[in-house]
There are 4 protein chains.
Amino acid sequence: MAAPSSPGILTITCPDRPGIVAAVAELIAGLGVNIVHADQHTDRATSTFLQRLELDGTDDWPTVEVAMRRLAADWGMAFALHVPTAPARTVVLVSAQPHCAADLMMRIGLGELPAEVVGVIGDRPEGASLAAMHDVPWTHLPAADDPEGEHLRLAAELERLTPDLVVLARYMRVLPEPIVDRWWTRMINIHHSFLPAFVGARPYHRAHDRGVKLIGATAHYVTADLDAGPIIAQDVERVSHRDEVADLVRIGRDVERRVLADAVRLHLEHRVLVFGNRTVVFD
Amino acid sequence: MAAPSSPGILTITCPDRPGIVAAVAELIAGLGVNIVHADQHTDRATSTFLQRLELDGTDDWPTVEVAMRRLAADWGMAFALHVPTAPARTVVLVSAQPHCAADLMMRIGLGELPAEVVGVIGDRPEGASLAAMHDVPWTHLPAADDPEGEHLRLAAELERLTPDLVVLARYMRVLPEPIVDRWWTRMINIHHSFLPAFVGARPYHRAHDRGVKLIGATAHYVTADLDAGPIIAQDVERVSHRDEVADLVRIGRDVERRVLADAVRLHLEHRVLVFGNRTVVFD
Amino acid sequence: MAAPSSPGILTITCPDRPGIVAAVAELIAGLGVNIVHADQHTDRATSTFLQRLELDGTDDWPTVEVAMRRLAADWGMAFALHVPTAPARTVVLVSAQPHCAADLMMRIGLGELPAEVVGVIGDRPEGASLAAMHDVPWTHLPAADDPEGEHLRLAAELERLTPDLVVLARYMRVLPEPIVDRWWTRMINIHHSFLPAFVGARPYHRAHDRGVKLIGATAHYVTADLDAGPIIAQDVERVSHRDEVADLVRIGRDVERRVLADAVRLHLEHRVLVFGNRTVVFD
Amino acid sequence: MAAPSSPGILTITCPDRPGIVAAVAELIAGLGVNIVHADQHTDRATSTFLQRLELDGTDDWPTVEVAMRRLAADWGMAFALHVPTAPARTVVLVSAQPHCAADLMMRIGLGELPAEVVGVIGDRPEGASLAAMHDVPWTHLPAADDPEGEHLRLAAELERLTPDLVVLARYMRVLPEPIVDRWWTRMINIHHSFLPAFVGARPYHRAHDRGVKLIGATAHYVTADLDAGPIIAQDVERVSHRDEVADLVRIGRDVERRVLADAVRLHLEHRVLVFGNRTVVFD
């Protein structure tokens, strides 16, 4: 999927109608722009058409934008044109277990993800050294007796950092609806189970009690309804009777890290279209 | 794991105590019998010791049995000695979807499993042609207005067939406690989800609605509590937004077949020890 | 991917040029035909464009064919229009180990693949009972002292059966170039290793000697160059030191079966486009 | 597998003889030591017995060592007793691509592996910032015109650092036999292919040319024969026609990282016994 240079990414969602592929393709071709890669999907139940196009052959993205706006009006489309820009401003939230945050920041440091971490926020002190190691501003927002104050401080800190993406990297505080709504489809959480199995707390303990033979992790966009947001990525790993809870935690860590990194990459490459409570992932 | 000739299999469960491994090993060595392969596990929470030994170098299994009986009395052991015998008498229960039964019977026909199918029972007519193809007696026990009568007829038919193993191969009738108890740890069911996700009916529809990225299947010993028995084997397969419910069904079929075949093989090789509501699988 | 009714499948290969997606989409829309699903790929190294479209909304496929022929001439396209037809006439070749053939025929019997087995051919007698069980004509063509005669008899038998697809289901005879060329991209082989590891004979023995931790299988179109044809599907399974050669054979069997079944399904759904010595698999 | 406190690990290799399990178990029991966990394997081809025991209930390891020495003499055993000690002194060698080293050092920093990195050595300058970030001494040993001098400098640097383990983390220089022999079974390399496929240089390019559907990585002990040492761990990831070489490199990176981290963990927990050119991995 690697392109020689950064292409523009056009994503489209609209009611399915005959001729829609032709209309978009014609418009793009008429502007002298190339479609380098195209993915599309039609959801039959709701007759919804979703498309992702990689475009190149132009630097005049405003002209593409204007033309698309006209087409979108005619066809009832929602669209987004993502042009090559600076790395995504990313805020990472952590609690006592920084392994997911550490992995993400290592990858960003190695240039593997088109992102820049502009702040690490933690309710616990454990994230401080990680932030220092990567030379990123650290904000400690400990759990407070007044939840409302705690939420307001977090909301303000997020506003101040103007992130493109917020990552809950094993952040163990429940967020209130206003924050969740504010960052809808720009806030990704990693849950340490193969959802919907073991929704809620202590999934590894419950997986051990149930004697499952696989454990997993789920990355999803955050909604007010806990652990119920649209799923972006999931994976599992094989376990056995030899694995005690501490082993499930260790094995699970690796699954969490790679599922979260995968979800962040897919999101940043504009491969994830949310659709109802589900996602279309053009990978 | 393949042995040149069929070994005897000794499985042991008892409270963990120092010296137990030595005591068993000494006894076996003292009889001039070889331990070809050994697996053991200690559950720390309950201090339970579980062991599986493959033995050869003797044909005098009664002597081993007698010696073990004495040792078991001293140490508070439950043990079982499985000596090379005829293939396991197996009864297969099916409903409208015979793909799991077909796969199992194909494998048995090819000599891949140490079993012999002595009867196919179905509440629907679909299993008849499968039974005929494999030249196995077929019994049609349709769902009845009197559930009690239905259950009694099934219980009687199972008794008549004297199975070593009963396989519910996508059999969609709920069994009453007396039948379940009668065949405890000798009755295996395949559930078409990665339990405990999607317990109950129509798991593929619910997986589709939830937008999961993996679907799975679970083979477990049957208990009166539906879909809650000790898990023997599980596996998953990757799916995407492109997969509609019919695709999940198709993909799921393959997972079901291989998880069920795996569970049956593990059971017949005496690799599964039930322990509380969990299993130790020495694979 | 399941459609409510069988769609027509249009596959296209041509030099990549701007406007090609628009040209095809316009043509299809102009005929009042819907594009239900579309996949496309551009190979950058050779500037080749490959596309697969699922079409519905018409029964007048000859009109689509004629229109496409004109477009193909203008753009230098190779195309194929596959319209809903009878199941693919399939010939299965086997040797001494019928497990892959048995699995494939079980699936076809269950209606899982849009195929009909019109003949089973074997160099060894082992396939006869399988053919009988499925009520399919069996031809025994044993290895002969005159290889030329042997090849001529096989070539004639294949011609007589007029297959759409020939499956080498662990068929252990090397085929001569004329037969391979005659059935190019319509003859699929399953090789019992993860190619290109362990090209040639006795791959499980060599995998055991090398101490690999995974074993695999590869389904590919057959070329005159042994084990070197375009790969359609591959998969692997985890193994360990506990697994002797006989275990690798047993575990490998399952990988072989599912890789072959997958490759046959992808082929029959016209999802595989051959391109140089590689495939594009629109799955 | 997690134990409440660090156990001692006893590994044994010897010719297989009846009574050996009993002899070891008796000896251990006689010392009042508990066998917390035991794994054993008999290689039939060479009649070799291999065992790994986790022991606790004592702090007097010298007594265990002495007793074992006597038993070993009687039975022709090679054995090793690993008692809880300081973290393993680990030296990491890198070239231009530090992603494997970065992952390993992140894990060690998080306390996930019982190791301490005492030095990073690189032939290229890229490893310097990684070493600095983790506050570990960095040695730059660039490729030299006199290979002999280059090898002597590396050999001396390794001696100076007195490592328990040397990790070649995508280190792209070939090492001479004396260095390889000096660190035999204490030097682990990660190769960026599923060996024995794509032995040698540029495996991702060759995987792309061959059109494989899975790519992999292999961690092995280093031998003088390149890419031929005993395999410790392997894994693969699915790829498709959409993935160009740059994508294979990106996907491969993740496989390399997790296979290497797994191999290092297995080694440090004394779970890997080398046996001929193969390994027994008690995981």
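Note on the protein assembly as shown: antiparallel DSSP beta bridges, both residues inside, total approximately 70 percent of the bridges counted. Taking the helices alone, chain D has a mean residue ellipticity at 222 nm of -10500 deg cm²/dmol, built from -39,500 (n - 2.57) per DSSP H run of at least 4 residues and averaged over all its residues.
With label points defined 7 Å past Cα in the direction of Cβ, position B:Ala78 shows copy-to-copy spacings of 4.2, 5.6, 6.5 nm, given to one decimal and shortest first. Computed on region D:30-124, with alpha-carbon pairs under 8 angstrom and 6+ residues apart, the relative contact order is 21 percent. With 0.36 nm allotted per residue and the present C-alpha distance subtracted, the C:Thr63-C:Asp283 stretch has 76.4 nm of extension available. Find every distance from the label point of B:Pro125 to the corresponding label point in the other copies (7 Å from Cα along Cα→Cβ) and write them in nm, one decimal, shortest first. Taking the point 7 Å beyond Cα along Cα→Cβ, the inter-copy spacings are 3.9, 7.6, 8.2 nm. A simple spin-label model places pseudo-atoms 7 Å from Cα toward Cβ; at A:Ala80 and B:Glu237 they are separated by 3.2 nm. Within the shell defined by Cβ-Cβ distances under 14 Å, the residues around C:Leu31 carry a net charge of -3, with Lys and Arg each +1 and Asp and Glu each -1. Taking Lys and Arg as +1 and Asp and Glu as -1, the other residues whose beta-carbon sits under 14 Å from that of B:Gln97 total +2. Charge dipole of region C:238-279 (Cα centre as origin; +1 on each Lys and Arg Cβ, -1 on each Asp and Glu Cβ, all else neutral): 140 debye, rounded to the nearest 20.
With each label modelled as a point 7 angstrom along the Cα→C-beta vector, the B:Ala128-B:Arg17 pair spans 5.9 nm.
For a quick check of your reading of the filter: which GluC sites (Glu not before Pro) in region A:37-124 sit in a DSSP loop and have no more than 12 other Cβ atoms within 10 Å? When the GluC sites (Glu not before Pro) of region A:37-124 are filtered for loop state and at most 12 Cβ neighbours within 10 Å, nothing remains. With respect to chain B, whose longest principal axis is taken over its alpha-carbon atoms, helix B:61-75 is tilted by about 80°. Contact order for chain B, expressed relative to its length and based on alpha carbon pairs under 8 Å spaced 6+ residues apart, stands at 14 percent.
Comment: the Cα-to-Cβ extended label point of B:Glu159, at 7 Å, lies 6.6, 7.6, 8.3 nm from its counterparts in the other copies, nearest first.
Coupling constants for region D:213-221 follow from the phi torsions by the Karplus curve (6.51 cos²θ - 1.76 cosθ + 1.60, θ = phi - 60°), and in residue order they are 9, 9, 10, x, 9, 9, 9, 8, 5 Hz; glycine and proline get x.
Take the Cβ atoms of D:Ala96 and B:Glu148, set R0 to 60 Å, and the FRET efficiency comes out at 0.20.
Between helix B:99-109 and chain B there is an angle of about 40 degrees, using the helix long axis and the longest principal axis of the Cα atoms. Among beta bridges from DSSP that stay inside region A:1-143, the antiparallel ones total about 70%. Normalising by residue count, region C:88-281 has a Cα convex hull of 115 Å³ per residue.
Measuring from the axis that maps chain B onto chain A, the chain B residue with the nearest beta carbon and its rounded distance in angstrom come out as B:Ala197, 2. The ranking of B:Phe198, A:Phe49 from fewest to most other beta carbons within 10 Å of each one's beta carbon is A:Phe49, B:Phe198. Secondary structure note: in chain A, about 70% of the DSSP beta bridges are antiparallel.
Each Lys or Arg adds one and each Asp or Glu takes one away; over the other residues whose Cβ falls under 13 Å from the Cβ of B:Gly229, this sums to -1.
Can you list the residues of region C:173-190 with backbone N under 12 Å from a point 7 Å past the Cα of C:Ala155, pointing along Cα to Cβ? Correct set: C:176-183. Relative to the dominant Cα principal axis of chain D, helix D:20-30 is inclined by about 70°. Sorting C:Phe194, D:Phe275 by the number of Cβ atoms found within 10 Å of their own Cβ, with the fewest placed first, yields D:Phe275, C:Phe194.
Evaluate the charge dipole of region C:8-82 about its Cα centre and quote only its size in Debye, nearest 20, assuming +1 on the Cβ of each Lys and Arg and -1 on the Cβ of each Asp and Glu.
About 280 debye.
Candidate cross-link partners of D:Lys213 among the lysines, defined by an alpha-carbon separation under 24 Å and a same-chain spacing of 8 or more, comprise B:Lys213, C:Lys213.
The charge dipole of chain A, taken about its Cα centre with unit charges on the Cβ atoms of Lys, Arg (+1), Asp and Glu (-1) only, comes to about 560 debye. Can you bin the protein assembly as shown into rounded, prolate or oblate? Criterion: square roots of the alpha carbon gyration tensor eigenvalues sorted a ≥ b ≥ c, rounded for a/c under 1.5, prolate for a/b above b/c, oblate for the rest. Note, shape of the protein assembly as shown comes out rounded.
FYI, it's all coordinate maths here, none of it is from the lab. All of these numbers come straight from a predicted model, not from anything done at the bench. All Cβ positions, even for glycine, are placed from backbone atoms using ideal geometry, and neighbour counts span all protein chains on display.
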